[in-house]
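Quick notes on the structure that follows.
The values are calculated or read from the model by the stated rules, or taken from the named source; none is laboratory data. Keep in mind that what you see is a predicted model, and the values were worked out from it rather than measured. Glycine also receives a Cβ, built like all others from the backbone with ideal geometry; neighbour counts cover every protein chain displayed.
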Amino acid sequence: MQRREFLKASAGLAAVASSGPIILGAEDKAGSKKPTVGTESHLYECQHNWGELPADYAWQTTHNVALDSEGLVYITHQGVGKQMDTVLVFDAKGKFVRSFGKEFYGGGHGIEIRKEGSDEFCYLSNTWTPELKLMKTTLKGEKIWSKNRPECKEYEDPKKPYNPTNICFTDDGGFIVGDGYGSNYLMIYDKDAKLTKTFAGSGNKLGQCVTPHGQWIDARVKDKLVLVVCDRANHRLQRFDLTGKAISATEADKVVLFPAHAKTRGEVLLVPDLYARVSLFGKDDKVLAHLGDDSEWLKKVQKENIRAKPKEWVDGKFVHPHDAAFDKDGNIFVVEWVSTGRVTLLKKVI
């Protein structure tokens, strides 16, 4: 995300109503306790600055996170300022395992992992790179295929921007791409990575988007799969059927504020919200918990641009959650759109 986009969106945001999170242990002067955020039924211990970076690496604008079947954690960052690999891999305890992706320098953004047969693969969306916009690799970064601009009428004009932000998977082996920083379309690809449909596009009507930054197949109702789209600059979630037909949209700023991505686990929908919180929803968009939610803190984050001022960050609070993912035990990894990068492990307590 570019700073001007965030500031423009922030300018129109009224005070956010919030009862605030439960924060336990923050008064421990010895620092032996971690702050715990959430509600009585959804409590998490915050372990900020998770992961041990090698001496010659530094986070620069962390963006997305995904886990493989062995529990290894894959994190993308832009890496601006130093020609670094943009995908770093850690074990479940935060020990560095390997890295790859120098070719995505400056554009490391979306990552998801899928098992296909006996093998697993990374699907990457590299927003700001001039080419290699989409790429499928092995878990060690070996290229399977890459794609640039979509070949369809919506992108025939070479001046029309194309900067994909995220990918999600469909049950038939295909995937869906969101052009979140480009022209606001979503694209359906089949199992052979062939483009079959383009839908949405710019606007604020039902079925249109402004910054469709992340999307996910919501399979919590087994006989009614839907595509949840984080229509970020419209401050809402939209739902589509799997053909791209719009079903519904939440009211702006009522359910989500500035949603960045979505994931599901069991009955829970996880939404990292760039406006300083991570949200958990049950069915019918019922709020289970807004982790880190605090209206006064959000005002400070928006007014003072503290994404580049880590000394002003507060334990138990988020600055700009950009992506999040569950592990097999229900813990949550959160990565934030801050210039120094930050990874937080939310360790499930209840």
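Within region 175-207, the residues that satisfy the criterion of being outside any strand (DSSP E or B) and more than 20 Å from the chain's Cα centre (by Cα) are Asp190, Lys191, Asp192, Ala193, Lys194, Gly201, Gly203, Asn204, Lys205, Leu206, Gly207.
Within region 165-173, is even one residue at negative phi, within 20 Å of the chain's Cα centre (by Cα), in contact (Cβ under 8 Å) with a residue 60 or more places away in the chain and surrounded by fewer than 17 Cβ atoms within 10 Å (Cβ to Cβ)? Talk me through it step by step, then tell me what you get.
So the first thing to find is which residues in region 165-173 are at negative phi, and the list is 165-172.
Filter once more, keeping what is within 20 Å of the chain's Cα centre (by Cα): 165-170.
Now restrict to residues that are in contact (Cβ under 8 Å) with a residue 60 or more places away in the chain: 166, 170.
Now restrict to residues that are surrounded by fewer than 17 Cβ atoms within 10 Å (Cβ to Cβ): 170.
Yes - at least one qualifying residue is present in region 165-173.
Considering each residue of region 279-290 in turn, none proves to be in contact with a Cys (Cβ under 6 Å, 6 or more places away or on another chain) and either buried (at least 19 other Cβ atoms within 10 Å of the Cβ) or of a type outside the set (Gly, Ala, Ser) (or both).
For Glu103, the test of being assigned to a strand (DSSP E or B) and surrounded by 14 or more Cβ atoms within 10 Å (Cβ to Cβ) is failed.
Hand me the list of strands (runs of 3 or more DSSP E) wholly inside region 234-350 holding 2 or more residues that are in contact with a strand residue (DSSP E or B) (Cβ under 9 Å, 6 or more places away or on another chain) and modelled with pLDDT under 95. Full working, then the answer.
Working: elements: 236-240, 246-249, 263-265, 268-273, 277-281, 287-291, 321-326, 332-336, 342-348.
Those strands (runs of 3 or more DSSP E) do not exist here; none qualify.
From the list Leu274, Leu206, Leu227, the lone residue that is out of contact with any His (no Cβ under 9 Å at 6 or more places or on another chain), in contact (Cβ under 8 Å) with a residue 40 or more places away in the chain and surrounded by 22 or more Cβ atoms within 10 Å (Cβ to Cβ) is Leu227. When Leu298, Leu274, Leu291 are checked against the criterion of being touching a Leu at 6+ places or on another chain (Cβ under 9 Å) and over 18 Å from Val343 (Cβ atoms), Leu298 stands alone in meeting it. Annotation: Tyr123 fulfils all but one of (1) under 22 Å from Phe169 (Cα atoms); (2) among the aromatic types (Phe, Trp, Tyr); (3) out of contact with any strand residue (DSSP E or B) (no Cβ under 6 Å at 6 or more places or on another chain); the unmet one is (3).
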